[in-house]
Amino acid sequence: MMIDGTSPATSLEHFSYDNKIVKYFAYATSFWGLIGMSVGLLAALQMVFPALNFTAETTFGRIRPLHTNAAIFAFVGNGIFMGVYYSLQRLLKTRMFSDKLSYVHFYGWQLIILAAALTLPLGITTSKEYAELEWPIDIGIALVWIIFGINMFGTIARRRERHLYVAIWFYIATWVTVTVLHVGNSLELPVSLWKSYPLFAGVQDALVQWWYGHNAVAFFLTTPYLGLMYYFLPKAANRPVFSYRLSIIHFWALIFIYIWAGPHHLLYTSLPTWAQSLGTVFSIMLIAPSWGGMLNGLLTLRGAWDKVRIDPVLKMMVVAVTAYGMATLEGPLLSLKSVNAISHYTDWTVGHVHVGTLGWNGMLTFGVLYYILPRIFGTQLYSRKLANVHFWMATLGVLFYAVPLYWAGWTQSAMWKQFLPEGILQYGNFLETVNAILPMYAMRAFGGAVYVAGVVLMIYNLIRTVRQGSLIANEGAAAPPLEASPAGHRGEYWHRWIERRPVQLLVGATIVVLIGGLAEVFPMVMVESNVPKIEAVTPYSPLELEGRDLYIREGCNNCHSQMIRPFRSETARYGQYSMSGEFIYDRPHLWGSKRTGPDLHRVGGKYLDSWHYQHMQNPQSTSPGSIMPPYEWLLERKLDISDLPAKIRTLQTLGTPYPTGYAERAVADLRIQAKDIANNLRENGVDDPELEQKEIVAIIAYLQRLGTDIKPKPQVKLKK
Amino acid sequence: MAKYLLQDAGINWLAILALLTFVIVFTLALIMVFARRKDSYRDVAQQPLKDSYLLLLLAPAPSPPYPGPLASMSELELFAAFVMVLVILLGLWSLLDLSFKLMALQRERLLRKYHPEQLQEVGLEQLEPTKAWWQRLYERMTDAVPIEEEAAIVLNHEYDGVRELDNNLPPWWTGLFYVTIAIAPVYVYFVHFSDFALSPAEAYDVEMTLAEAKVQAYLKTQENSVDENNVVLLEEADAIDAGQMIFSAKCSPCHGKAAEGGIGPNLTDEYWLHGGSVNDVFRTIKNGVPEKGMIPWKNELRPRDIQEVASYILSLQSTNPANGKEPEGERYIAEATSK
């Protein structure tokens, strides 16, 4: 509202804010936060106590995606909606567009979370990080997201405030970019109700996945939360935002540059080097736009630091914004190839992400919860003291979590790369490097436990707060009707023009975020020379294909990479470095992003079938000290091949060159290969009359195939 | 006179000492830099400047043979010379600055004595104390309107009570942004177009070649390294113990804790798939038998380690552990003398 043009009091319109939907989302945020973090704690403890992998449904490979999805989409997702539904109404001086849509949105989103919580432990997964949910749930997400969009833009259309505040720019950019990312990364062809194959394969799938994965961090964990910061931080501090112009520059720069940086997740992989370089330089350019947000947050607190000392809301926010600044500096540094050569595949990355999620997202959410709930219940916070204790538990929890992981990452990476003067690896056994960092894993779990305990304290505090107040379901408000748009814009700052035009703002943001993605994905998909072909690479046999899908079901890619980087320390340990042409039939790619266990890209032919059999039955028997859980159900369950013909047909549609009519012959081929492996196992003392029908045979077939297509030879001839 | 002037200017003997030290260092530096082959500076002047010369100093790649005096300097010396020139320039600047200030002080002293009314006109007494350069730099770099004066820059709009200030972009932030943007083309040029651009595959080949040379150089310093042709059975208790340690860590998962066999064959009987002499056992451990699932250990165990573990294995002959796997392969009887 313009302040100088004072409207007469008589023209005020009376309306009310919907606080009930805010309450719903606030409760969901707290509940799913506790669940998601507890699952994370379980996963952290499984590293130290492998016995905690109780059943197939609770093995680390299935629990880890459950944790990431719950933390991102359930905890932070509901947190976004809580903050948006609270602030949007007040910033636009109007009620949400439609109460009905609000509740469809709320229940729809909870249903999706429920579907994720059910399918992921069952092994129904696409294996693509932060996009593990299968295609029917993907469609559900799209629908709910569109409903949220309609509700948001409907509210904007009915606003009583001509100009949109910076928080809303961030909400709009979030909405459009998440839509684009979700659709782009979910391009997949269903095989059955719970199985699909992605449109892209191998290196192209990897690029699309990390374009998505990186920008899920950017546009689900960052931009909406910057929007929340821009509303709740100045409100809580009662201070004006430091710089309007800084908001403008860092908003547009951030959304434009962020999109390009995805390839920094694939440095030194088989991704073409031009794409890797784009990832690096755009990550460096991202430092200043990211810090713009931190500066505008911290500098807004000038003159309010005395309040920060006593107000738990502000305390949480200060640490959140600082953690944001630290994580967004660390990210670009990790994108330098020389740093990435050390950090990638180690726990350094895990520590980095958690400074962002626990520090920035977690603590900002806590601050917003402590801000909103007393207000919508017309009361004070039950106990400021408890909130202060929570603040310290959260802050120390983040530190206790992250510091041991930085240490672990460095230690393990250094051990991976250590050679003896004779030219052989000092720690040739991967397990030595795992066992060296188990104490750090234990400390990390302690840090996580402290953080979760803080959340329990918060929930207690919030319950008591809610009990001592009563919900103001419809909070009365009054505002003058929407004033006419100024005829000209002479004398006003240029950006004011777009601030009163939501459609143009939406279109502008869309164009800005599309540029980077198209510039990287299009050449990668269209230009054939980006993936040099290798003659010897052939499609997977039916049994190998089924084995691969079991590998995906069990989430093996959460701990094992399939991407050997061109370093001496990697080729000495694993064999010839990976080449893009080897992955052209990989739908989806299974490169992985973290090595809790060794890389598997060249594991084919390294061990006997019977070694794999015993290893799956009890990893400690073949690899003493291993923290991998046993997979004895693979030895017991019969392989379900009912979808095999459909799988072959789907892959043919996507371009895998199986001969025509192969779908009908695939089962017979599968039986022959299974028989061979079963006989081989029997010769080595495995006693099971139905061996050839068991899942273990398929996964052994897949593992023995891995990386064997090519003989070691360099892909690129030396220039000189 | 000089004493009077200095006292008046508030300069004490410490400053003189600093100045003297500087002059000595300055002279020494000059001598060090210019004493090197004075006559060939003309050659230097005629040399075309190499592409990104300064970065050459930092780049690990060997620079091409380069005539002239600079070539005779090591990279470190070049860097030192560069730093010295910088120090000298800074010193010259501060000398100049100091003399101007001394002159101004002297002028002020004279004016105060003979024409105090002129000083009044200038308003020197009313001037505020000047700020130190770092204070000025800080203010210039942050460029924020102080809180007391921010009423002047509050923008005339508010959203649910949230107001916005019209502070400038912090210049240090803008500078950082420009620098990071400028890095992009330089980075792309160096990684993809310059003489130093190596693809990951090329860099890998260089890494392997250098490492191999280093390993070979090391191996040359080691006398008679053990291989499958010259290996002998070790019988000292120390060696057998060391072999046992390796065996239980690396071999027992497949061959059993007592070498009774498991995934791999029994190693305690007289039957061998790949030969039972110490040379054969050494070779089998070293190179593995991939088609049978025996992995090569040469990338994990040093020759001496392999010798120890082979000796340990052969020390287990006829121990008949429980649950022994049935014999496989051909019978091999060790000769009476093991050496």
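Before moving on, here are some points about what is shown:
- Residue in the range A:453-461 that is under 16 Å from A:Thr346 (Cα atoms) and either open to solvent by less than 20 Å² (accessible area, probe 1.4 Å) or in a helix (DSSP H, G or I) (or both) present: no
- Put simply, of A:Leu187, A:Leu207 the only residue that is closer than 24 Å to A:Met563 by Cα, open to solvent by 20 Å² or more (accessible area, probe 1.4 Å) and among the aliphatic types (A, V, I, L, M) is A:Leu187.
- Among the candidates A:Pro234, A:Pro190, A:Pro136, A:Pro240, the residue that is in contact with an Asp or Glu (Cβ under 7 Å, 6 or more places away or on another chain) and over 28 Å from A:Thr269 (Cβ atoms) is uniquely A:Pro240.
- Single condition B:Ser194 does not satisfy, out of (1) under 42 Å from the mean Cα position of the chain (by Cα); (2) at the interface with another protein chain (Cβ under 8 Å from one of its Cβ atoms); (3) open to solvent by less than 60 Å² (accessible area, probe 1.4 Å): (2)
- Cβ-Cβ contacts under 6 Å between residues 6 or more apart (or on different chains), taken from a first residue in the range A:232-246 that is charged (D, E, K, R) to a second residue that is assigned to a helix (DSSP H, G or I), are listed as A:Arg239/A:Thr300.
- Within the span defined as the range B:241-254, every residue fails to be part of a loop (DSSP other than H, G, I, E, B) and within 9 Å of chain A (Cβ to nearest Cβ).
- Failed condition for A:Thr94, given (1) within 14 Å of another protein chain (Cβ to nearest Cβ); (2) part of a helix (DSSP H, G or I): (2)
- Checking each residue in the range B:295-328 for being aliphatic (A, V, I, L, M) and more than 14 Å from every other protein chain (Cβ to nearest Cβ) picks out B:Ala310, B:Ile313, B:Leu314, B:Leu316, B:Ala322.
- Of all residues making up the range B:197-216, the number that are facing chain A (nearest Cβ under 8 Å) and not in a helix (DSSP H, G or I): 1
- Odd one out for B:Asn323 among (1) more than 27 Å from A:Gln704 (Cα to Cα); (2) modelled with pLDDT of 85 or more: (2)
- Taking the criterion of being outside any loop (DSSP other than H, G, I, E, B) and either closer than 12 Å to A:Ala201 by Cβ or within 30 Å of the chain's Cα centre (by Cα) (or both), the residues of the range A:649-658 that qualify are A:Thr650, A:Leu651, A:Thr653, A:Leu654.
- Output for the range B:258-272, where each listed residue is within 13 Å of chain A (Cβ to nearest Cβ) and either among the aliphatic types (A, V, I, L, M) or free of Cβ contacts under 8 Å to residues at least 24 places away in the same chain (or both): B:Ile263
- Segments classed as helices (runs of 4 or more DSSP H), wholly inside the range A:284-360, with at least 3 members that are within 24 Å of A:Met393 (Cβ to Cβ) and not aliphatic (A, V, I, L, M): A:305-310, A:312-334, A:347-354
- Test: residue in the range A:262-274 that is at the interface with another protein chain (Cβ under 10 Å from one of its Cβ atoms) and farther than 30 Å from A:Ala341 by Cα: no
- Note on the range A:551-569: residues that are out of contact with any Pro (no Cβ under 8 Å at 6 or more places or on another chain), farther than 30 Å from B:Thr209 by Cβ, part of a helix (DSSP H, G or I) and open to solvent by 10 Å² or more (accessible area, probe 1.4 Å) total 3.
- Candidate set from the range B:103-142 (those that are loosely packed, with under 11 Cβ neighbours inside 10 Å and outside any helix (DSSP H, G or I)); member that is nearest to the chain's Cα centre (by Cα): B:Ala132
- Answer residue from the range A:275-301, given it is open to solvent by 10 Å² or more (accessible area, probe 1.4 Å) and either more than 9 Å from chain B (Cβ to nearest Cβ) or acidic (Asp, Glu) (or both) and is farthest from A:Phe567 (Cα to Cα) among those: A:Leu298
- Residue among A:Phe400, A:Phe430, A:Phe391 that alone is open to solvent by 10 Å² or more (accessible area, probe 1.4 Å), within 30 Å of B:Ile306 (Cα to Cα) and either in contact with a Lys or Arg (Cβ under 9 Å, 6 or more places away or on another chain) or more than 14 Å from chain B (Cβ to nearest Cβ) (or both): A:Phe430
- Checked against (1) under 43 Å from the mean Cα position of the chain (by Cα); (2) farther than 20 Å from A:Glu422 by Cβ; (3) without any contact (Cβ under 8 Å) to a residue 24 or more places away in the chain, B:Pro296 meets all criteria but (2).
- Flag if A:Tyr631 is more than 11 Å from chain B (Cβ to nearest Cβ), surrounded by fewer than 22 Cβ atoms within 10 Å (Cβ to Cβ) and in a loop (DSSP other than H, G, I, E, B): no
- All of (1) outside any helix (DSSP H, G or I); (2) touching a strand residue (DSSP E or B) at 6+ places or on another chain (Cβ under 9 Å); (3) surrounded by fewer than 20 Cβ atoms within 10 Å (Cβ to Cβ); (4) of a type outside the set (Phe, Trp, Tyr) hold for A:Ala572 with one exception: (1).
- Subset of the range B:156-172 [outside any loop (DSSP other than H, G, I, E, B) and touching a helix residue (DSSP H, G or I) at 6+ places or on another chain (Cβ under 6 Å)]: B:Tyr159, B:Val162, B:Glu164, B:Leu165, B:Asp166, B:Pro171, B:Trp172
- For first residues located in the range A:136-156 and in the same structural domain as A:Asp99 (by TED's automatic domain parsing) and polar (S, T, N, Q), partners that are at pLDDT 95 or above and part of a helix (DSSP H, G or I) and lie 6+ apart or on another chain with Cβ distances below 8 Å form the pairs A:Asn151/A:Leu101; A:Asn151/A:Ser102; A:Asn151/A:His105; A:Thr155/A:Leu88; A:Thr155/A:Gln89; A:Thr155/A:Leu92.
- Residue within the range A:642-665 that is among the acidic types (Asp, Glu), touching a Lys or Arg at 6+ places or on another chain (Cβ under 9 Å) and either farther than 18 Å from A:Cys556 by Cα or modelled with pLDDT of 95 or more (or both) present: yes
- Taken together, the criteria place A:Arg602 among residues that are out of contact with any Ser or Thr (no Cβ under 6 Å at 6 or more places or on another chain) and basic (Lys, Arg).
- Residue list for the range B:161-185, filter: more than 9 Å from every other protein chain (Cβ to nearest Cβ) and open to solvent by 50 Å² or more (accessible area, probe 1.4 Å): B:Trp172, B:Ala182
- Residues that are away from chain B (no Cβ under 14 Å), in a loop (DSSP other than H, G, I, E, B) and charged (D, E, K, R), drawn from the range A:155-203: A:Arg158
The values are calculated or read from the model by the stated rules, or taken from the named source; none is laboratory data. Please read these numbers as outputs of a predicted model, since none were measured by experiment. Backbone-built Cβ (ideal geometry, glycine too); neighbour counts: all protein chains shown. Surface accessibility is based on the protein's heavy atoms, side chains included, excluding ligands, DNA and RNA. Shrake-Rupley method; radii C 1.70, N 1.55, O 1.52, S 1.80 Å.
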